[in-house]
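> First the structure, then my questions, so here it is.
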Amino acid sequence: MAKLTEEMNIIIPQILVKEIFLNAIFFSQKIIIIFEPYTMIFSFGSFFTHLSYQFKQFISMAGIEYLQCKYNLGVIYEILSFTFNFRLRLKLFINDVTEVFTLSKVYPCCSWWERETWELYDIYFFLNANMRRLLTDYGFDSWPMRKDFSCFGIIETAYDIFARLVTFKQILLPQENRNFNYTTPWKRRTVAQC
């Protein structure tokens, strides 16, 4: 495994142009590469087709949000080489308006992960032919995994069996003002009484 890490350290600069990777971190037999959004297709295509890599399996993808950063969103990809039994983690940092190119042309199973990431984080994947909602309603207008997501509902969705359609109703959560009494019914002991 250590030999493969050394080989990849040599091969990565040879096959890929210098500007592609911002940073490569080698630790605990795992390589984490941070790259630019405009180099995605070439980077993943190289990892997929090059004989020294052969990262043929797409393992997972996740979105992440960073608060108070210039690039407040991130996408983390993990791919696997069965030939070398090696995982590679690739990170991409973007802002709210940056579109990310889809990887569904290189890894067809990636389309499902991209739909989920778009639905939960509002990271749009350019040229993905199937950007529909998976987990939330079609009229849903927010991003559940973002930090600014509201914790209470505004619209209730229900199926009306008599009208045979889905109905949307406003949720009213009225609550009276409460005056809390912070006194305790038990007598307090002072230090002298103990």
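The values are calculated or read from the model by the stated rules, or taken from the named source; none is laboratory data. Predicted, not measured: the structure shown is a model, and the values here were computed from it. Neighbour counts run over all protein chains shown; Cβ positions are idealised from the backbone, glycine included.
> Condition check: surrounded by 17 or more Cβ atoms within 10 Å (Cβ to Cβ), among the polar types (S, T, N, Q) and not in a loop (DSSP other than H, G, I, E, B). Does residue 111 satisfy that?
Criteria met by residue 111.
> Please state which of the following conditions residue 157 fails to meet, knowing it meets all the rest: (1) farther than 14 Å from residue 62 by Cα; (2) touching a helix residue (DSSP H, G or I) at 6+ places or on another chain (Cβ under 8 Å); (3) surrounded by 11 or more Cβ atoms within 10 Å (Cβ to Cβ).
The failed condition is (2).
> Quick check on the stretch 49-80: of everything there that is at pLDDT 90 or above, over 17 Å from the mean Cα position of the chain (by Cα) and outside any loop (DSSP other than H, G, I, E, B), which residue is surrounded by the fewest Cβ atoms within 10 Å (Cβ to Cβ)?
Across the stretch 49-80, the extreme among qualifying residues is 57.
> Sticking with this structure for a sec: Quick check: anything in the stretch 4-14 at pLDDT below 85, at positive phi and either out of contact with any Asp or Glu (no Cβ under 9 Å at 6 or more places or on another chain) or assigned to a loop (DSSP other than H, G, I, E, B) (or both)?
No, the stretch 4-14 contains no residue that is at pLDDT below 85, at positive phi and either out of contact with any Asp or Glu (no Cβ under 9 Å at 6 or more places or on another chain) or assigned to a loop (DSSP other than H, G, I, E, B) (or both).
Here's the yes/no breakdown for (1) more than 22 Å from residue 133 (Cα to Cα); (2) basic (Lys, Arg):
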position: 70; (1), (2): yes, yes
position: 74; (1), (2): no, no
position: 80; (1), (2): yes, no
position: 85; (1), (2): yes, no
position: 88; (1), (2): yes, no
position: 94; (1), (2): no, no
position: 98; (1), (2): no, no
position: 108; (1), (2): no, no
